Amino acid sequence: MKQFLLLIPVCFLLLMTSCGDDTAILPEPEVADVSLTFKTMFGDNELDFNTTVYDYEGMEMTISKFDFFISNVALYKNVEGALDPEQTELFEIDFLDFTQNNNSVTIESLNVPVGEYDGIVFSIGVPSDLNAQQPGDFSVTHPLGITNVGHHWAAWDSYIFSKVEGRLDTSGNQDYVNFSYHPGTDALFSNKIEKGISINLVAGQQKTINFEIDLENIFVSGGALDIEMYPDSHSPDESTGAEHVMDNFPSSISVN
Amino acid sequence: MRITFLFFLASLIFITSCGSDDDFVCQPGVPGDLTSIPYDPVPHEVAVPFDFPPVPVPPNNELTNDGVNLGRHLFYDPILSVDSSMACAHCHLPGGGFTDTLEVSLGVGGAVGSRSSMTLINAAYYLNGLFWDGRVQSLEDQALLPVEDPVELMHQWSDVEFLLQNHDEYPTMFRKAFGITNKSEISKELTAKALAQFERCIVSAGNSKYDQVISLNGFFSPSEQNGFDMFFDSSSILPDAECGHCHNAPLFTTNEYFNNGLDSVVSLFDFDDPGLGGITMNEFDYGKFRAPTLRNIEFTAPYMHDGRFQTLEEVIDHYNSGGHFADNLDPLINPLGLTEENKADLLAFLLTLSDTTTLQNPAYQNPF
């Protein structure tokens, strides 16, 4: 009898907890926890800001700043018979600041549906719809918001997609040429960059995708940029350096 | 005996359980009780120029009319200084663009500080560290510091709390601002919160000539237009002055830290004032300071963290020279090649950032 009495509240409790949320009947899509890590290299070595002197065409080079926007990041699956692969968007845009983060940036906790993917696709820069907006249009902490206003250039009506800054000693006797490349404007927004890599996402498991950006390759690919001749590129009519940097991003990024 | 003890205990529980309960009327006569004063917080709206985002406010210190009003009183009240001689406003005067217009600030009794006062205009948006060296992160944390700083207000917080708790008006104002139930709850933290609320309201009015032109309600003179083009590197004919990279619109600062070439040093550890390096201990941060806003720059002379330049002409000459070399001199600081006419045009543009309606806004003035 006593046992029976005890059962009543237990049943009641069960009843209460089981009701309430009837949407829970639908199964949650199974997701994996994906992180992206980014690291800058200079040739074979990890980039070291300010102190390490690199050889650049026989001159001494130091790097003081490197950052860029990455946008329209998605995983893709090739579909048999279809022209375009099927895409799963990861995020619209983020800002990767290597200078402030000891050359290592991580984007964490992306919940991505499980499955076998064939690669990752992204662009460098700010897509035109977002680029048409101003820092004041975003919340203060958004990558395009006022806290990052140093990457907006009102005179071009554009965000600055990347900053590459440093110094070249042209003679070895402290004959310094300061350089700073600040590409922007819709015309320089990178095309889709596709990196094929098989990514198998398993429910509940953590997966890290590693990006390496070779800054030396950004300078030298397709013929070394003449830094002395084109030390900066802040206005649209002196875009040699800016175009060089944007042209070389795709071949300078590897993913594993 | 036991019964009396229980009775005592019960009455204790009874007493402590009230107070926080809104519709329970406590016995009158509790010392310092403020619950008879109504607490009806009304959100405080801050108008901002069209190209600014809404004022960012931390969730634990929403702006209310009574909070802002309390902050304004505290900001102008010398009660915060040890000898009741000076208030925050002493070094942050509206007429001086919210600075004291001295090279370096003078605290209580004439104590000489080591840095120049900073404007408070648009401080709500300075989210990359406050002070010239970025050593505090929020206006709430900042407001705790001047009271005990020996070259500022030189007081003790415990004494200030005592004075505020026993003041004729402040307990009522703290009640209305924060809903405290007893005078004894007046604390340095709430004082700092109120000051921060007031400071967040000090936002550009958006009436400078620059603002009018940019919102298509006015035109630059040819000289101002040339200055604008050089400031933002937007002309292929005029030289680039590069200013906008570090003092970008709409705040006219990016809130980043740079070495803009004020001093030559052999080793980066040799700067008289280590700036950001003194906080991060990172060699390449020594001698870097936060680029301040140039809005209302006309009124905040002298210039730089140590007030070394008396006029904007001197500032422009400094940048035109390419500055002094140090290993972390910013790559954007180079000889600019500006002619006398270019320099005059750049100055004319800087003066379009003046907005006396911000400085004269009645809501920012001394309430006493």
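The values are calculated or read from the model by the stated rules, or taken from the named source; none is laboratory data. Model, not experiment: these values are computed from the prediction. Cβ sites come from the backbone with ideal geometry, for glycine too, and all protein chains shown count toward neighbours.
Some points to look at:
- Search result, residues across segment A:112-134 that are of a type in the set (Val, Ile, Thr) and either closer than 23 Å to residue B:242 by Cβ or assigned to a helix (DSSP H, G or I) (or both): A:126
- Selection status of residue B:117, more than 27 Å from residue B:208 (Cα to Cα) and small (Gly, Ala, Ser): no
- If the condition is being more than 7 Å from chain B (Cβ to nearest Cβ), in a loop (DSSP other than H, G, I, E, B) and of a type outside the set (A, V, I, L, M, F, W, C), then segment A:135-150 contributes A:141, A:142, A:143.
- Failed item, numbered, when residue B:202 is tested on (1) β-branched (Val, Ile, Thr); (2) away from every other protein chain (no Cβ under 12 Å); (3) within 29 Å of residue B:349 (Cβ to Cβ); (4) surrounded by fewer than 20 Cβ atoms within 10 Å (Cβ to Cβ): (4)
- Residues of segment A:95-112 that turn out to be at negative phi and out of contact with any strand residue (DSSP E or B) (no Cβ under 6 Å at 6 or more places or on another chain), as a count: 2
- The combined condition, being touching a residue at least 24 places away in the same chain (Cβ under 8 Å), among the aliphatic types (A, V, I, L, M) and at the interface with another protein chain (Cβ under 9 Å from one of its Cβ atoms), is not fulfilled by residue A:132.
- Condition met for residue B:352 (within 12 Å of another protein chain (Cβ to nearest Cβ), within 22 Å of residue B:212 (Cα to Cα), buried (at least 18 other Cβ atoms within 10 Å of the Cβ) and in contact (Cβ under 8 Å) with a residue 12 or more places away in the chain): no
- So residue B:240, is it on the phi < 0 side of the Ramachandran plot, within 13 Å of chain A (Cβ to nearest Cβ) and either touching a Pro at 6+ places or on another chain (Cβ under 6 Å) or assigned to a loop (DSSP other than H, G, I, E, B) (or both): yes
- Residue count for segment B:167-186 satisfying the condition of being touching a Ser or Thr at 6+ places or on another chain (Cβ under 9 Å) and charged (D, E, K, R): 2.
- Candidates B:281, B:304 - the one that is more than 30 Å from residue B:95 (Cβ to Cβ) and either away from chain A (no Cβ under 11 Å) or of a type in the set (Phe, Trp, Tyr) (or both): B:281
- When we screen A:88, A:99 for residues that are in contact (Cβ under 8 Å) with a residue 24 or more places away in the chain and not in a strand (DSSP E or B), the only hit is A:99.
- Residue within segment B:193-213 that is touching a strand residue (DSSP E or B) at 6+ places or on another chain (Cβ under 6 Å), outside any loop (DSSP other than H, G, I, E, B), modelled with pLDDT of 95 or more and within 30 Å of residue B:287 (Cβ to Cβ) present: no
- Contact map, segment B:275-289: residues that are hydrophobic (A, V, I, L, M, F, W, C) paired with residues that are part of a helix (DSSP H, G or I) and crowded, with 17+ Cβ neighbours inside 10 Å, Cβ distance under 7 Å, separation 6+ or inter-chain. Pairs shown: B:276/B:285; B:284/B:268.
- Each residue in segment A:157-167 was checked for being within 8 Å of another protein chain (Cβ to nearest Cβ) and free of Cβ contacts under 8 Å to residues at least 40 places away in the same chain, and 0 pass.
- Only a single criterion out of (1) away from chain A (no Cβ under 13 Å); (2) in contact (Cβ under 8 Å) with a residue 40 or more places away in the chain; (3) buried (at least 20 other Cβ atoms within 10 Å of the Cβ); (4) closer than 21 Å to residue B:242 by Cβ is not satisfied by residue B:259, namely (1).
- Candidates B:306, B:263, filtered to the one that is more than 15 Å from residue B:102 (Cα to Cα) and either assigned to a loop (DSSP other than H, G, I, E, B) or among the hydrophobic types (A, V, I, L, M, F, W, C) (or both): B:263
- Applying the set (1) within 11 Å of chain A (Cβ to nearest Cβ); (2) among the aliphatic types (A, V, I, L, M); (3) more than 19 Å from the chain's Cα centre (by Cα) to residue B:291 leaves exactly one unmet item: (3).
- Restricting attention to segment B:212-228, the residues that are under 14 Å from residue B:343 (Cβ atoms) and without any contact (Cβ under 8 Å) to a residue 40 or more places away in the chain total 0.
- Among residues of segment A:128-143 being buried (at least 17 other Cβ atoms within 10 Å of the Cβ) and either among the acidic types (Asp, Glu) or touching a Ser or Thr at 6+ places or on another chain (Cβ under 6 Å) (or both), the one that is farthest from residue B:124 (Cα to Cα) is A:131.
- Some residue of segment B:222-233 being in a loop (DSSP other than H, G, I, E, B), at pLDDT below 95 and within 14 Å of chain A (Cβ to nearest Cβ): yes
- Among the residues of segment B:243-252, those that are in a loop (DSSP other than H, G, I, E, B) and facing chain A (nearest Cβ under 8 Å) comprise B:246, B:248, B:249, B:250, B:251.
- A single entry from A:203, A:154 fulfils the requirement of being within 14 Å of chain B (Cβ to nearest Cβ), surrounded by fewer than 21 Cβ atoms within 10 Å (Cβ to Cβ) and small (Gly, Ala, Ser): A:154.
- Counted as qualifying within segment B:43-151 are the helices (runs of 4 or more DSSP H) with 1 or more residues that are more than 21 Å from residue B:290 (Cβ to Cβ) and more than 14 Å from chain A (Cβ to nearest Cβ), namely B:65-76, B:88-91, B:145-148.
- For residue B:174: the one exception among (1) touching a residue at least 60 places away in the same chain (Cβ under 8 Å); (2) touching a Lys or Arg at 6+ places or on another chain (Cβ under 9 Å); (3) over 13 Å from residue B:67 (Cα atoms); (4) buried (at least 20 other Cβ atoms within 10 Å of the Cβ): (3)
- The set of residues in segment A:163-190 that are under 30 Å from residue A:127 (Cβ atoms), out of contact with any His (no Cβ under 7 Å at 6 or more places or on another chain) and assigned to a strand (DSSP E or B) comprises A:164, A:165, A:166, A:179, A:180, A:181, A:184.
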